[in-house]
Amino acid sequence: MNRTIVVVSAGLSRPSSTRLLADRLSAAAVDAAAALGVRLEVRVLELRDLAHDITNHLLTGFPPAALRDALDAVAGADGLIAVTPVFNASYSGLFKSFFDVVDSDALADKPVLIAATGGTARHSLALKHALRPMFAYLHAITVPTSVFAASEDWGGDESEGELRGRILRAGDELAREVARREPVAVADPFSLTTSFEDLLAG
Ligand SMILES: Cc1cc2nc3c(=O)[nH]c(=O)nc-3n(C[C@H](O)[C@H](O)[C@H](O)COP(=O)(O)O)c2cc1C
């Protein structure tokens, strides 16, 4: 059984701790899904590469091709991992702007794992007061465990510790939620709803 997940990373730095957390989470989800007999295909969207397109879409109402492709990938995904750096105690503006241009019903009933990075663990509550409400508004199904990594969490022995435990638990929750659902089927807006014969007869 195959399923796809899209990983949205809003980190701006290179290398990015947000991307690092996103990669750890997707690896945990892939492993957990494999244990359930599901092969997860992963597509990563680095929002910094789409930043100009997102602004153009907000200004014109039309997504450039690369952004359209990214938005289609999100709509067609069986699950999502969404990771933002904390800026001023909330999600970053780029992260919010991306989800402002995602089609309004694209996340409905879609399993989403939310995560964030920050300079201080004191701002981990951004997951609860900013990210979780936004995804609730979009009718997504956020898995119970969200993951926050502060700067001090990196650099030690990542194979153990609380962060590692949360990553594994969150990945497992996402994998289970994806595995128990039917694959997402996105309707082709250009497909014929009536056969050629019926059209000609009409
Ligand atoms: C404009 C700005 C605002 C920030 N505000 C916060 C904040 O309120 N709380 C926090 O914990 N970290 C804050 N940070 C630190 C970033 O969240 C942190 O460095 C993040 O992990 C960077 O992610 P990246 O390595 O993927 O770019 C801020 C950073 C910037 C540039």
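A short reminder: the numbers here are calculations on the coordinates, not readings from a lab. Please read these numbers as outputs of a predicted model, since none were measured by experiment. Positions of Cβ are generated from backbone atoms using ideal geometry, with glycine treated the same way; all protein chains shown enter the neighbour counts.
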Problem - Neighbour-limited loop hits for chymotrypsin sites (Phe, Trp or Tyr not before Pro), region 97-198 (at most 13 other Cβ within 10 Å; DSSP other than H, G, I, E, B) - result: Trp154, Phe190
Fill in the blank from the handout: If unit charges are put on Cβ atoms (+1 for Lys and Arg, -1 for Asp and Glu) and the dipole of the chain is taken about its Cα centre, the option from Trp154, Val102, Ala140 lying farthest towards the positive end turns out to be Trp154
Problem - Gain upon complete extension [Asn88, Ser13; 0.36 nm per residue less C-alpha separation] - result: 25.4 nm
Practice task
Over region 1-122, calculate the relative contact order: mean separation of alpha carbon pairs under 8 Å at least 6 apart, over the residue count, as a percent.
Solution key: 33 percent
Practice task
Measure off 7 Å from each Cα along the Cα-to-Cβ vector at Arg122 and Ala65, then give the distance between these two points in nanometres to one decimal.
Solution key: 4.8 nm
Exercise for the section: Would you please name the GluC sites (Glu not before Pro) within region 121-202 that are DSSP coil residues with at most 12 other C-beta atoms within 10 Å of their C-beta? Expected result: Glu160
Completion exercise
Here the percent of antiparallel bridges among DSSP beta bridges lying wholly in the chain, to the nearest 5, is 5 percent
Problem - For the chain, calculated [θ]222 nm from helices alone, where every DSSP H run of n ≥ 4 adds -39500 (n - 2.57) - result: -12000 deg cm²/dmol
Exercise for the section: Could you go through region 135-143 in sequence order and give the Karplus-derived ³J(HN,Hα) for each residue, using 6.51 cos²θ - 1.76 cosθ + 1.60 with θ = phi - 60°, rounded to whole Hz, and x for Gly and Pro? Expected result: 6, 5, 4, 7, 6, 7, 9, 7, 5
Handout entry: Charge dipole magnitude, Cβ of K and R +1, D and E -1 - region 1-141, Cα centre, debye nearest 20
Key = 520 debye
Practice task
Under 1.5 on a/c is rounded, so check that first for region 18-138, then, if it is not, pick prolate when a/b is larger than b/c and oblate when it is not; a ≥ b ≥ c are the square roots of the alpha carbon gyration tensor eigenvalues.
Solution key: oblate
Exercise for the section: Give, in nm to one decimal, the length gained when the segment between Arg181 and Asp49 is fully stretched (0.36 nm per residue of separation minus the Cα-Cα distance). Expected result: 44.4 nm
Completion exercise
Amide H neighbours of Ala140 at under 5 Å, excluding residues fewer than 5 places away on the same chain, with H built from the backbone geometry, are Asp109
Exercise for the section: With a ≥ b ≥ c taken as the square roots of the eigenvalues of the C-alpha gyration tensor of region 117-165, please select rounded if a/c is under 1.5 and otherwise prolate if a/b is larger than b/c or oblate if it is not? Expected result: oblate
